[in-house]
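The values are calculated or read from the model by the stated rules, or taken from the named source; none is laboratory data. It should be emphasised that the depicted structure is a prediction, and the values quoted were computed from it without experimental measurement. To get the accessible areas, we keep the full protein, side chains included, count just its heavy atoms, and leave off ligands, DNA and RNA. Shrake-Rupley method; radii C 1.70, N 1.55, O 1.52, S 1.80 Å.
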Amino acid sequence: MNRSILSETPKVESYPAAAQLQVSAVVPIYNEVESLPILVETIANTFKNNAIPYEIICVDDGSTDGSTDLLRQMAHQRSDLRAVLLRRNYGQTPAMAAGFNHARGNVIVTLDGDLQNDPADIPRLIAKLDEGYDLVSGWRKDRQDAVVTRLIPSRMANWLIRKVTEVRIHDYGCSLKAYRAELVRDMNLYGELHRFLPALAFIEGARIAELPVRHHARRYGYSKYGLGRTFRVLMDLATIFFMKKFLTRPMHVFGLFGLVSMLIGLGLALYLCFLKLGLGMAIGDRPLLSLAVVLFLTGVQLFSFGLLAELSMRTYHESQNRPIYRVREVVESGEAADA
Ligand code: UDP
Ligand code: MG
């Protein structure tokens, strides 16, 4: 059955620097036992047909349907497959992070383990990456998922993410992507941030491209997500928004709002003092008094929160030796040095 997919595998003729590229395919696996054999075989054949050096890393995310044993057995038999078996079910983001950490290639390709992505698209993604991009993201132009629970929420999410992150691609949810490995190593993943990898990459200054890819309906097993993920995506989006804008300068946002709030509170309080002391009016039952107090206290809190955020931001960068910038390349005469 996978033969039919393979026969359509487009050969990328002008594949330039195949010799230097080592591709690691990273696949998170959670209860995908029926898909596994076809999946690994198809990925392997795609790479072989295009003469691309590769390895496949399947991360078992605490499956309970026998995927774990099958994966262990397959990894024993195949030299091109490494299985990373997690102790329990952590979720797709940690599974992908585990795969990234075990990948040895200089290009990383991610795809879902349910055969919804088509491995035959991988060579095109890699060829695009080789044109000088750091990340090439798949775009499921003709997506095969349920309309109400998947397509509509995803439409809205994509619109919102595009507005917030300013990364101009159509489809953020597509798992089929190709990365330069050093880019992935610069990104730390938390929550369900795998969906925002393009946005995170953009924060890291990556060059991003998008390519339409095929998408198939799920053949085996069931989707691990429902409508519940909408809320989690929104919260992750809020994090991304903050990181993109203020990661290295939290005081600019909290300090500003704090100061404005404090000043308005102070102004109102002075006005009330004038009424009380200057004109002898009673101010005890005025709502304005409560407003003045609330604004002033909120202002003080926001301001001190900003200072704390500054401190933890510094700890974040300095404890990991994370510079606040990313160098693409250093150019000098004589021996060219890569950053
Ligand atoms: N997955 C995982 N851990 C989880 C949930 C999902 O590793 O806790 C994997 C799953 O096996 C699949 C991929 O993440 O390879 C995407 O999941 P799914 O196909 O259910 O998502 P959908 O395509 O429906 O968005
Ligand atoms: Mg899927």
How large is the helix-only mean residue ellipticity at 222 nm for the chain, computed as the sum of -39500 (n - 2.57) over DSSP H runs with n ≥ 4, divided by its residue count, in deg cm²/dmol to the nearest 500? -14500 deg cm²/dmol
Along the range 248-265, what does the Karplus equation 6.51 cos²θ - 1.76 cosθ + 1.60 (θ = phi - 60°) give for ³J(HN,Hα), rounded to whole Hz, x for Gly and Pro? 9, 8, x, 4, 5, 8, 5, x, 4, 4, x, 5, 4, 4, 4, 5, 4, x
Among Gly280, Gly221, Gly62: highest mean-square fluctuation, GNM of the chain, C-alpha pairs under 10 Å: Gly280
Gyration tensor (alpha-carbon) shape descriptor, the range 97-144, a/c threshold 1.5: oblate
For the chain, the longest principal axis of the Cα atoms and the Cα long axis of helix 92-102 enclose an angle in degrees, to the nearest 10, of 60
Within the range 21-95, what whole-number % of the accessible surface is contributed by carbon and sulfur, with the 1.4 Å probe and all protein chains included in the calculation? 48
Cα-based shape type of the range 183-327, given that a ≥ b ≥ c are square roots of the gyration tensor eigenvalues and the cut on a/c is 1.5: prolate
Between helix 67-77 and the chain, what is the angle of the helix's C-alpha long axis to the longest principal axis, kept within 0 to 90° and rounded to the nearest 10? 50
Helix axis angle, 229-246 relative to the chain longest principal axis, alpha carbon, degrees: 70
When only the heavy atoms of the protein chains count and the probe is 1.4 Å, how do Lys245, Lys128, Lys177 rank by accessible area, highest first? Lys245, Lys128, Lys177
Could you state the accessible area per residue of the chain in Å², with a 1.4 Å probe and every protein chain left in place? 53
Rounded to the nearest 10 Å², the accessible area of Leu189 at probe 1.4 Å: 30
Collect residues whose amide H, placed 1.01 Å from N in the peptide plane, falls under 5 Å from the amide H of Gln22; neighbours closer than 5 in sequence don't count. Asn106, Val107
Taking a quarter of the surface of the convex hull around the Cα atoms of the range 50-103, what do you get in nm²? 4.2
Using a Gaussian network model on the chain with a 10 Å cutoff between Cα atoms, which of Glu210, Glu32, Glu318 fluctuates the most? Glu318
Check which residues have an amide H placed less than 5 Å from Ile57's amide H, if you skip close sequence neighbours. Ala25, Val26, Val27, Arg82
Anyone know which of Asn50, Asn31, Asn188 comes out most mobile in the 10 Å Cα GNM of the chain? Asn188
With both bridge residues required to lie in the chain, what share of the DSSP beta bridges run antiparallel, to the nearest 5%? 30
Provide the descending list of Cα extents for the chain along its principal axes, expressed in whole angstroms. 91, 58, 36
Quick one: accessible surface of Asp236, probe radius 1.4 Å, all protein chains present, in square angstrom to the nearest 10. 20
Mind checking which lysines have their C-alpha under 21 Å from Lys48, skipping anything on the same chain fewer than 8 residues away? Lys11, Lys128, Lys177
